[in-house]
Amino acid sequence: MRIFLDTANIEEIKQAVKLGVISGITTNPSLMAQAKATDYEAAIKEICAIISGPVSTEVTVEGVDAMLKQARQIASWSPCIVVKIPSTLEGLEVISTLAEENIRVNCTLCFSVNQALLAARAGAAYISPFVGRLDDIGQDGMQLVEDIVKIYKNYPEIKTEVIAASIRHPEHCIRAAKIGAHIATMPYKVLLQMIQHPLTDIGNKRFLADFKNVSR
Ligand code: G3P
């Protein structure tokens, strides 16, 4: 399972890239606002300059024509760009047109298997089931990821990659990997939690202390 960072925070991206474990970035308008970005294009181009992998960038308009126009503009900013299009009826039309133009799409805000099936048939490069938001309403978000992965596997001609998104804690990462999701995109905080273990810290401290007693 590849790991993407779900943030528009430049410092977090720089720190995470240094670890050598990040293959891409996903952003959305809320994350851009949290990062206090003022110039959408400049902020995305800055991210693309830091990481060589895919950078998912969401359209911020409604309507097929407006989404298509903006998606083409966004795609021209960098070869890294993957355009994020919502899992809606209009979104399907946009995805299929962009796919014909070889513009990669991450179909976002996916909350059902049927949305994922249609997105794949429209030609989306990625599908993003939002795990945490389903958990928030009392459903098992990771079950949706499992169902999508299983159903896509039934049809080997489907090349759409599954991104477990809206990840809230490290247990989500483990489940996503067990299921065989291609990618999990997570906040920087969750990435840090993945490496932490108290026994590692205790053990490391003891090794360093004991080494002081090793005769030289
Ligand atoms: O990648 C999707 C993600 O940004 C949504 O996460 O935590 O707002 O549900 P969250």
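Of note:
- Tally, over segment 91-112, of residues that are in a helix (DSSP H, G or I) and closer than 25 Å to GLY132 by Cβ: 3
- Beta carbons closer than 9 Å, at least 6 apart along the sequence or on distinct chains, pair a first residue in segment 127-149 that is among the acidic types (Asp, Glu) with a second that is within 9 Å of the ligand (Cβ to nearest atom) and assigned to a loop (DSSP other than H, G, I, E, B) for ASP135/SER166; ASP135/ARG168; ASP136/SER166; ASP136/ARG168.
- Matching entry among ARG175, ARG206 (being farther than 24 Å from ILE137 by Cα and assigned to a helix (DSSP H, G or I)): ARG206
- Residue within segment 120-139 that is surrounded by fewer than 11 Cβ atoms within 10 Å (Cβ to Cβ) and either in a helix (DSSP H, G or I) or more than 11 Å from the ligand (Cβ to nearest atom) (or both) present: yes
- Output for segment 155-172, where each listed residue is within 15 Å of the ligand (Cβ to nearest atom), under 15 Å from ALA125 (Cα atoms) and of a type outside the set (Gly, Ala, Ser): GLU161, VAL162, ILE163
- Residue check for ILE158: surrounded by 10 or more Cβ atoms within 10 Å (Cβ to Cβ), touching a helix residue (DSSP H, G or I) at 6+ places or on another chain (Cβ under 6 Å) and of a type in the set (Val, Ile, Thr): yes
- Beta carbons closer than 7 Å, at least 6 apart along the sequence or on distinct chains, pair a first residue in segment 22-45 that is under 15 Å from ILE163 (Cβ atoms) and assigned to a helix (DSSP H, G or I) with a second that is within 15 Å of the ligand (Cβ to nearest atom) and among the hydrophobic types (A, V, I, L, M, F, W, C) for LEU31/ALA8.
- Within segment 178-197, one or more residues are of a type in the set (Val, Ile, Thr), surrounded by 12 or more Cβ atoms within 10 Å (Cβ to Cβ) and more than 16 Å from the ligand (Cβ to nearest atom).
- Counted residues, segment 11-39 - those being modelled with pLDDT of 95 or more and within 16 Å of the ligand (Cβ to nearest atom): 17
- Selection within segment 86-119 - under 13 Å from the mean Cα position of the chain (by Cα) and buried (at least 20 other Cβ atoms within 10 Å of the Cβ): VAL105, ASN106, CYS107, THR108, CYS110
The values are calculated or read from the model by the stated rules, or taken from the named source; none is laboratory data. Keep in mind that this is a model prediction, so the values were computed, not measured. Quick reminder, even Gly has a Cβ in these numbers, built from the backbone with ideal geometry, and neighbours come from all protein chains shown.
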